[in-house]
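Asker: My questions all concern the structure below.
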Amino acid sequence: MSTVQVDTPGGSYPIHIGAGRLDLLAQSIPDDATAIALVSNPTVDALYGQRVRAALEATGKRLIFIELPDGEAHKNWETLNLIFDGLLQNRLDRKAVLVALGGGVIGDMGGFAAASYMRGIRFVQVPTTLLSQVDSSVGGKTGINHPLGKNMVGAFYQPIAVEIDTDVLKTLPAREISAGLAEVIKYGLIIDADFFVWCEQNVDALRTLEPQAITYAIQRSCELKAYVVSQDERESGLRAILNFGHTFGHAIEAGLGYGAWLHGEAVGCGMVQAAELSALTMGLTSASVERVRALTQAIGCPVQPPDLGVDRWIELMQVDKKTEGGKLRFVLLPEIGQARFEAAEPDALRHVLEKTTIVQV
Ligand code: NAD
Ligand code: GLY
């Protein structure tokens, strides 16, 4: 087991990474917790619910279960309310602890519910997808989607612990592994060129979940994310670089309808578009753009964006938290391993957006 420590003004907590962590979840429940609310969905519950219940029952505390429907399309107010219904119907008090067991959708909604129930109860992230293990469970961004924009309603709220069981990745569909690897290579692109090279050299081991390779990738990703959020918890500066590829990616998700492309797939394709924009405006070499495209393709993500129409692309991208005063701003790369946050040059952006294709959804 390895531990990565996250230290932010909003809270300090460990990320435990290792095989079999699910069976040890009781270690993350504080002694003074009055009850535990386990939040998950039917897919994850069928696979791991029994084990997690057994682990949490070892605390001797009252355990309630709240089941949410599975999928990005349910990351909304209606589903969030199911958590509040469960907490209130069972009369959980301020000292209850919420445990979010699932991918990023469960983690983001569970975290937002914990942030707002009785103005804040403690919560533990138990991420079960690669994407949630390397990104969404760390750093305290929680929230839901609005029909007009992705993750537009939410809160910064840190968990008290993140428990990453690397074994659970074995039941993930290959497409979900690819989507998670997009966020892994993102860290190399924005902050650690050596890690990007390591990913290029280990892409087959990563895709087949070779234990040493995938554990190292998760640990390095968590270290890099912990470093960034400890400098800038609430995204007033540096943290924005974690959104590399996301302005394009969020437009793909909203434009095609949430769930048509996986979040990580949209981010992977968006990183290729952001690299192309970086070449036009930041001097990123065409060889580097090709490395971004080649690795994104090698991990199994789409590299050809959908044809949303240039005006629709721009309209969708304007509903982005990085937009300021109506100006679109992007995370761009002067070179691999370095990121800057800049306003887009309209002509360069249009040029990139014209390189799209028709996709059937
Ligand atoms: P997801 O939560 O929808 O999970 C993907 C699918 O895998 C779901 O059907 C889920 O039930 C299933 N699943 C989960 N664990 C499994 C397992 N071990 N075996 C088999 N199936 C399993 O998707 P995701 O990619 O984990 O998360 C995407 C979400 O995360 C998006 O809503 C995105 O906005 C959010 N996100 C948040 C942050 C953040 O900082 N908070 C960062 C990145 C992404
Ligand atoms: N995934 C972007 C962030 O956590 O800031």
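The values are calculated or read from the model by the stated rules, or taken from the named source; none is laboratory data. Note that the coordinates shown come from a computational prediction; the quantities given were computed from them, not determined experimentally. Counting neighbours? That spans all protein chains shown, and the Cβs are built from the backbone with ideal geometry, glycine included. Only protein heavy atoms, including side chains, enter the accessible area calculation; ligands, DNA and RNA are left aside. Shrake-Rupley method; radii C 1.70, N 1.55, O 1.52, S 1.80 Å.
Asker: Just a yes or no: is a residue in the stretch 119-140 under 28 Å from Arg51 (Cβ atoms), among the aromatic types (Phe, Trp, Tyr) and open to solvent by 20 Å² or more (accessible area, probe 1.4 Å)?
Answerer: No, the stretch 119-140 contains no residue that is under 28 Å from Arg51 (Cβ atoms), among the aromatic types (Phe, Trp, Tyr) and open to solvent by 20 Å² or more (accessible area, probe 1.4 Å).
Asker: Right, here's the next one. What is the one condition in (1) in a helix (DSSP H, G or I); (2) within 13 Å of ligand 1 (Cβ to nearest atom); (3) surrounded by 19 or more Cβ atoms within 10 Å (Cβ to Cβ) that Arg175 does not satisfy?
Answerer: (3)
Asker: Are any residues in the stretch 320-340 open to solvent by 60 Å² or more (accessible area, probe 1.4 Å) and not charged (D, E, K, R), and if so, which ones?
Answerer: Matches in the stretch 320-340: Gly325, Gln338.
Asker: Still on this structure, I have one more. Can you list residue pairs whose Cβ atoms sit under 8 Å apart, with the first residue in the stretch 129-143 being touching a residue at least 40 places away in the same chain (Cβ under 8 Å) and the second being more than 10 Å from ligand 2 (Cβ to nearest atom) and of a type in the set (D, E, K, R)? Count only pairs 6 or more apart in sequence or on different chains.
Answerer: Matching pairs, first to second residue: Thr129/Glu176; Leu130/Glu176; Leu131/Glu176.
Asker: When the stretch 247-280 is examined, which residues are found to be open to solvent by less than 10 Å² (accessible area, probe 1.4 Å) and within 11 Å of ligand 1 (Cβ to nearest atom)?
Answerer: Gly249, Glu253, Gly264, Ala266, Val267
Asker: List the number of the failed condition for Val303; all other conditions in (1) assigned to a helix (DSSP H, G or I); (2) within 20 Å of Ala174 (Cβ to Cβ) hold.
Answerer: Looking at each condition in turn, Val303 falls short on (1).
Asker: While we're looking at this one, here's another question. Show me the helices (runs of 4 or more DSSP H) entirely contained within the stretch 50-165 in which 3 or more residues are over 30 Å from Thr323 (Cβ atoms) and either among the small types (Gly, Ala, Ser) or more than 9 Å from ligand 1 (Cβ to nearest atom) (or both).
Answerer: Once the helices (runs of 4 or more DSSP H) in the stretch 50-165 are filtered for at least 3 residues that are over 30 Å from Thr323 (Cβ atoms) and either among the small types (Gly, Ala, Ser) or more than 9 Å from ligand 1 (Cβ to nearest atom) (or both), what remains is 50-57, 77-89.
Asker: Kindly evaluate Val134 against the criterion of being within 16 Å of ligand 2 (Cβ to nearest atom), closer than 26 Å to Pro211 by Cα and within 20 Å of the chain's Cα centre (by Cα).
Answerer: Answer is yes for this residue.
Asker: Could you run through the stretch 148-203 and say how many residues are polar (S, T, N, Q) and within 16 Å of ligand 2 (Cβ to nearest atom)?
Answerer: Residues that pass the stated criteria total 2.
Asker: OK, next. If you take the residues of the stretch 222-240 that are part of a loop (DSSP other than H, G, I, E, B) and open to solvent by 60 Å² or more (accessible area, probe 1.4 Å), which of them is nearest to ligand 1 (Cβ to nearest atom)?
Answerer: Arg234
Asker: Got a sec? Which of Thr215, Thr296 is in a helix (DSSP H, G or I) and over 18 Å from Thr129 (Cβ atoms)?
Answerer: Thr296
Asker: Does Asp31 satisfy the criteria of being over 14 Å from Val162 (Cβ atoms) and crowded, with 18+ Cβ neighbours inside 10 Å?
Answerer: The answer is no for Asp31.
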